[in-house]
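Structure, as structure tokens:
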Amino acid sequence: MALMAKRPGISTTVAEIRTYVLGLDAGNTVIKAVLFDQNGQQIAVHALDGQSSTPEPGHVERDLNELWSNAREAISGCMAKARVQADQIAAVGCAGHGNGLYLLDRDGAPLVGIQSLDTRASDLAAELGAAHGDRLHEICLQKPWPSQTPTLLAWIKRYRPEVFERAQTVLLCKDFITYKLTGERVSDLSDMSGCGLTRMPECRYDDTLLNLYGLSDAREMLPRLIDPAEVAGVITPAAAAATGLAPGTPVIGGYFDVVSSALGSGVVGAGEASIIVGTWSINQVFSSLPVVDPSVFMASGFGQGRFVNIEASATSAANLEWYVRELVERGGHPDDPFGYCNARVGEVRPAMDDPFSHPFLYGSGQGAQFRAGFYGLAGWHGEGHLLRALFEGVMFEHRRHIGVLQDAGVSFDRAVLSGGGARSPHWPQMFSDCLGVPITVAEAQETGALGAAIGAACAIGQVASYEEGIARMTRVRQTFEPDSEKFTHYANRYETYLDLIDTMQSFWSRRVVGKDVP
């Protein structure tokens, strides 16, 4: 689990000549290729949007051939913008969204790509949790949940046995890209521990764990497990022809994207905190040993004595993305729809009479029945009030997660904010005021890709450790200090937000989903 100093066969001379490192960041929708120099300065970035499909209610899938096509185009586009030669790139690192399920057949062809917003396995997760939840938590520090990789695999085994029979390899999102680049079927410690498939804190596969999931016959499907900052393989001739990268370029195991984003924002030491305002609400505190508490969502390990304790749910900036897609862009608003939203938020002065919002468009870890909504609207409220309520509701759900970590004994006195929400002129200050701690925003916007690049630099010996890589390759853009009056304001509204969740439980539980009206 220790960092590799340098891959055998990669000489110091070559590592010195090769100036750049390439970081890839594959989310549920967008994939980005970002080129960095040895000091972490961004040279070029190229991003592509992917398409998700919903073949049935609760199912969220992607075409893996499209994912690879987008990855190829992102890499080649980034290199073209940077105007660098392929042999100047020293190594490649990839980060990707955690959980979901990416299956290959015996020939290496994709069978299914299920994303981490999928909720098809809600009933099965509840069933597994009731039967084995406590025992599972004892081993992997997680209980079953709908988008969790082993729960989805168990769902495939039960409801799509023909797919399960054809499957040979279980991968995570970034592992599929690594496979296409190198031909190696591998995964890393951070992703596999983050999806509940390893014994903790050892971060190794465990037969008892698989038996509890009902997956004793899936052991051979699990890929080779390596350190995230270990070389997984090298760019194959076929991948070189497809991407423009040089054959033989090292590719590392890569990262669960929440870990990578924390690294890229400058967080790695025990007691340091990272809040990611992205598709998911990610709230994580690093430690030398994982916290053992059934109320904490998960723990992920990414090296010897390196763990991150995570409270998370799909309740963050995906809510704003939905608002922009369905209401702002539909209305023919300008080229910068997120700038438009931030401008509307800035026009509103916070008041106790402001409406409330629940950020549960994609459910909640508290219950699959949770739904989003706006509450307390009056005739004098405008779009700015709606958007401020949305911003505040996302922030309150982050605060609720942080409260779970604090109740488990995890503490911090400052945090780094990253993800798309960190680019807002309002959200960082709102988080500082609400949490009552200083909030730092990193200079780098593509923190997920930068974290993967830092790992790649470690693997080939450009830096000796994560700490050295972070010191060299990350910088602070701005720090936001809390306002005591706003802290009191948000504390009062947060209590109302929680009360409103309790009030809505009856309505959510009574909702009946019947047949569509013909």
Worksheet item: Given Cα pairs under 8 Å that are at least 6 residues apart, what percent is the relative contact order of segment 166-325?
Response: 21
Discussion item. From the helices alone, meaning DSSP H stretches of at least four residues, give me the mean residue ellipticity at 222 nm for the chain, per-run term -39500 (n - 2.57), in deg cm²/dmol to the nearest 500.
Written reply: -11500 deg cm²/dmol
Item to complete: Rounded to whole Å and ordered largest first, report the semi-axes of the equivalent ellipsoid of segment 317-456 derived from its Cα gyration tensor (root of 5λ).
Response: 26, 20, 16
Worksheet entry | Computed log₁₀ I(q)/I(0) - Debye formula, equal Cα scatterers, no solvent, segment 224-282, q 0.28 Å⁻¹ | -1.05
Worksheet, complete the sentence: Hydrodynamic radius by Kirkwood for segment 107-197, inverse mean 1/r across distinct Cα pairs, in Å, is 14.0
Worksheet item: How fast does the chain diffuse by Stokes-Einstein, in µm²/s, taking the Kirkwood radius from C-alpha pairs at 37 °C and 0.692 mPa s?
Response: 142
Worksheet item: How many nm separate the modelled label positions at ALA343 and ARG158, each set 7 Å beyond the Cα in the direction of the Cβ?
Response: 5.0
Discussion item. If R₀ is 35 angstrom, what is the calculated FRET efficiency for the pair ASP37 and ALA241, using the beta carbon separation as r and rounding to 0.05?
Written reply: 0.85
Worksheet item: When the Cα centres of segment 262-338 and segment 184-261 are compared, how far apart do they sit, in Å?
Response: 21
Response to the item:
Hydrodynamic calc, segment 12-265: Kirkwood Rh from Cα pairs, then Stokes-Einstein at 20 °C with viscosity 1.002 mPa s, so D in µm² s⁻¹ is 116
Practice prompt. Give the distance, in whole Å, between the Cα centre of segment 371-416 and the Cα centre of segment 420-440.
Written response: 11
Response to the item:
Each label sits 7 Å from Cα toward the beta-carbon; between LEU498 and SER288 the label points are separated, in nm, by 3.3
Response to the item:
Output row, site ARG219, 7 Å Cα→C-beta label point, backbone N cut-off 19 Å, window segment 177-199, residues 187, 193, 196-199
Discussion item. Please compute the contact order of segment 12-265 in relative form: average sequence separation of alpha-carbon pairs under 8 Å and at least six residues apart, divided by the residue count, as a percent.
Written reply: 20
Practice prompt. Provide the per-residue ³J(HN,Hα) series for segment 80-93, in order, calculated from phi with Karplus coefficients 6.51, -1.76, 1.60 and θ = phi - 60°, each as a whole number of Hz, with x at glycine and proline positions.
Written response: 5, 5, 6, 6, 10, 7, 4, 7, 8, 8, 7, 6, 10, x
Response to the item:
So the FRET efficiency between THR479 and ASN65, C-beta based with R0 = 51 Å and rounded to 0.05, is 0.70
Worksheet entry | Cα pair distances in segment 108-156, grouped into 5 Å bins until the bin that holds the longest one, percent each | 5, 23, 28, 21, 12, 6, 3, 0
Response to the item:
Per the Kirkwood formula over distinct C-alpha pairs, the hydrodynamic radius of segment 170-299 in angstrom is 16.2
Practice prompt. Please work out the C-alpha center-to-center distance from segment 42-77 to segment 109-160 and express it in whole Å.
Written response: 24
Fill in: Contact order normalised by residue count of the chain, Cα under 8 Å, 6+ apart, percent
17
Discussion item. At 7 Å along Cα-to-Cβ for each site, give me the label-to-label distance between VAL30 and ASP207 in nm.
Written reply: 4.6
Item to complete: Provide the FRET efficiency to the nearest 0.05 for the GLN51-THR488 pair, computing r from the beta carbons and using R0 = 35 Å.
Response: 0.20
Response to the item:
Residues meeting the amide H criterion for GLU443 (H placed from the backbone, H to H distance under 5 Å, 5 or more places apart or on another chain) are ARG475, VAL476, ARG477
Response to the item:
Under 5 Å from the placed amide H of MET298, counting only residues 5+ away or on other chains, we find ILE310
Item to complete: Please give every one of the aspartates and glutamates within straight-line cross-link reach of LYS486, meaning a C-alpha to C-alpha distance under 15 Å, and leave out same-chain neighbours fewer than 8 residues apart.
Response: ASP353, ASP354, GLU392, ASP433, GLU495
Worksheet, complete the sentence: Expected unfolding gain across ALA378-GLU468 under the 0.36 nm per residue rule, minus the alpha-carbon gap, is 27.1 nm
Item to complete: Enumerate the calculated ³J(HN,Hα) couplings along segment 385-400 in order (Karplus 6.51 cos²θ - 1.76 cosθ + 1.60, θ = phi - 60°), each rounded to whole Hz, writing x wherever the residue is Gly or Pro.
Response: 5, 4, 5, 5, 4, 4, 4, 5, x, 4, 4, 5, 5, 4, 4, 4
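Each value in this text was obtained by applying a stated rule to the coordinates, not by laboratory testing. The structure displayed is predicted, hence computed values, not measured ones. Every residue, glycine as well, gets a Cβ built from its backbone with ideal geometry; the counts of neighbours run over all protein chains shown.
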